[in-house]
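Here is the structure we will look at.
A short reminder: the numbers here are calculations on the coordinates, not readings from a lab. Everything numeric here is computed off the predicted structure, so don't read it as measured data. As a convention, Cβ positions derive from the backbone with ideal geometry for all residues, glycine included, and neighbour counts pool all protein chains shown.
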Amino acid sequence: MEITVCIKQVPGTTEVKVDERGNLIRDGIDSKMNPYDLYAVETALKIKEKSGATVNVITMGPPQSEAVIREAFMMGVDEGYLLTDRKFAGADVLATSYTLSQGIMKTGKPQLIICGKQTTDGDTAQVGPEMAEYMGIPHVANVKKILEVKENSILVEMDMPTTLETVEIQFPCLITVEKGIFQPRLPSYKRKKETKDKLITYFSLKDFDDRDDKNYGINGSPTQVERIFPPESNTDKETWTGSGEELGNKLFEKLAELKFI
Ligand SMILES: Cc1cc2nc3c(=O)[nH]c(=O)nc-3n(C[C@H](O)[C@H](O)[C@H](O)COP(=O)(O)OP(=O)(O)OC[C@H]3O[C@@H](n4cnc5c(N)ncnc54)[C@H](O)[C@@H]3O)c2cc1C
């Protein structure tokens, strides 16, 4: 079984600037793997441990996005693919999804594609479902649990606003996973040493089946950023009551959930 996980490099800071077209200026800022994608990688590795699957990761971004692929290698991922080309720059969600779907089709035919729920920079949660539409495969979003991996399908629990639904989908398919589905493992120093020279496969537009540059980057992006402004403050507040011990436990659980500890 082959699994492909989509991972994205996102700014590791809120001190980001945008250019006059509304594009994020990523040069020179601290970056990290999108936190939600750590859950996607962990889900794939858990399936690998049970079924012996091969786990690949793919990212679209500038050459420095190699760093998130190396981090995935340190977690136990088998192969990494980087889609990078100046023609991909300025992509909106539609163009990003199309580029990733073209790239995945170049890597082979994974039975299962796993995405994070959303990113911490773009934050749309649309890339996974749009990729599935481009590839003509079924998808399930907001997956909270993997119940069973069968030979030709996967049984998952999907977190809907007011209900939990159990869904079985046939391979090939795409799922987007919720944070907390599994606890992501830490990158291993041993694997860091073992994989430091591991080759990453680069794809650019010329490698794709569709090489029409009108479908990529800013040319393939119908969305225009008109204005960027800070959102109004609406800080989430939670009020807890209980004994000292209960509140202590609750605080511990909350900090663990937010991955501060
Ligand atoms: C007009 C416009 C111009 C833009 N220009 C740029 C630009 O120049 N440079 C730029 O970096 N961004 C640009 N963006 C933002 C870019 O479109 C989004 O970052 C991108 O579409 C992903 O959307 P998202 O972050 O909301 O992902 P979501 O849909 O929230 O992500 C869901 C999941 O999809 C997967 N995923 C998402 N993006 C990637 C990726 N790149 N590689 C691998 N997996 C991924 C991950 O698994 C992630 O957890 C632009 C957006 C607009 C509207």
>> Quick check on the range 87-157: take the gyration tensor over C-alpha atoms, sort the square-rooted eigenvalues as a ≥ b ≥ c, and tell me if it's rounded (a/c under 1.5), prolate or oblate.
In response: oblate
> Of all the C-alpha pairs in the range 39-131, what % are more than 17 Å from each other?
Replying inline: 52
> Using 0.36 nm per residue, how much length does the chain from Ser204 to Glu257 gain when fully extended, once their Cα-Cα distance is taken away?
Replying inline: 15.3 nm
> Longest span of the chain, sites excluded, free of GluC sites (Glu not before Pro) in DSSP loop with at most 11 other C-beta atoms within 10 Å?
Replying inline: 21-150
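Would you kindly calculate the translational diffusion coefficient of the range 168-242, applying Stokes-Einstein with the Kirkwood radius from alpha carbon pairs, for 20 °C and a viscosity of 1.002 mPa s, and quote it in µm² s⁻¹ without decimals?
Approximately 108 µm²/s, per Stokes-Einstein.
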> Each residue of the range 28-42 in order: what ³J(HN,Hα) in whole Hz does its phi give by Karplus 6.51 cos²θ - 1.76 cosθ + 1.60, θ = phi - 60°, with x for Gly and Pro?
Replying inline: x, 10, 4, 10, 8, 6, 3, x, 5, 6, 4, 5, 5, 4, 4
>> For the chain, give me the percentage of DSSP beta bridges that are antiparallel, rounded to the nearest 5 percent.
In response: 40
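If the only charges are +1 at each Lys and Arg Cβ and -1 at each Asp and Glu Cβ, what is the size of the charge dipole of the chain around the Cα centre, to the nearest 20 debye?
Details: 33 positive and 41 negative charges, 171 e Å.
Dipole magnitude for the chain comes out near 820 debye.
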> How many nm is it between the label spots at Arg211 and Lys237, if each spot is 7 Å from the Cα in line with the beta carbon?
Replying inline: 6.0
> Tell me, which longest segment in the chain has none of the chymotrypsin sites (Phe, Trp or Tyr not before Pro) that fall in DSSP loops with at most 13 further Cβ atoms within 10 Å?
Replying inline: 1-239
> Rounded to a whole number, what is D in µm²/s for the chain from Stokes-Einstein with the Kirkwood radius over alpha-carbon pairs (4 °C, 1.567 mPa s)?
Replying inline: 66
> Given H placed on each backbone N at 1.01 Å, which residues far from Asn142 in sequence or on other chains put an amide H within less than 5 Å of it?
Replying inline: Thr176
> So which trypsin sites (Lys or Arg not before Pro) in the range 1-71 end up in coil per DSSP with only 16 or fewer other C-beta atoms within 10 Å?
Replying inline: Arg21
> For the range 128-197 and the range 31-90, what is the separation of their Cα centres, given in Å?
Replying inline: 14
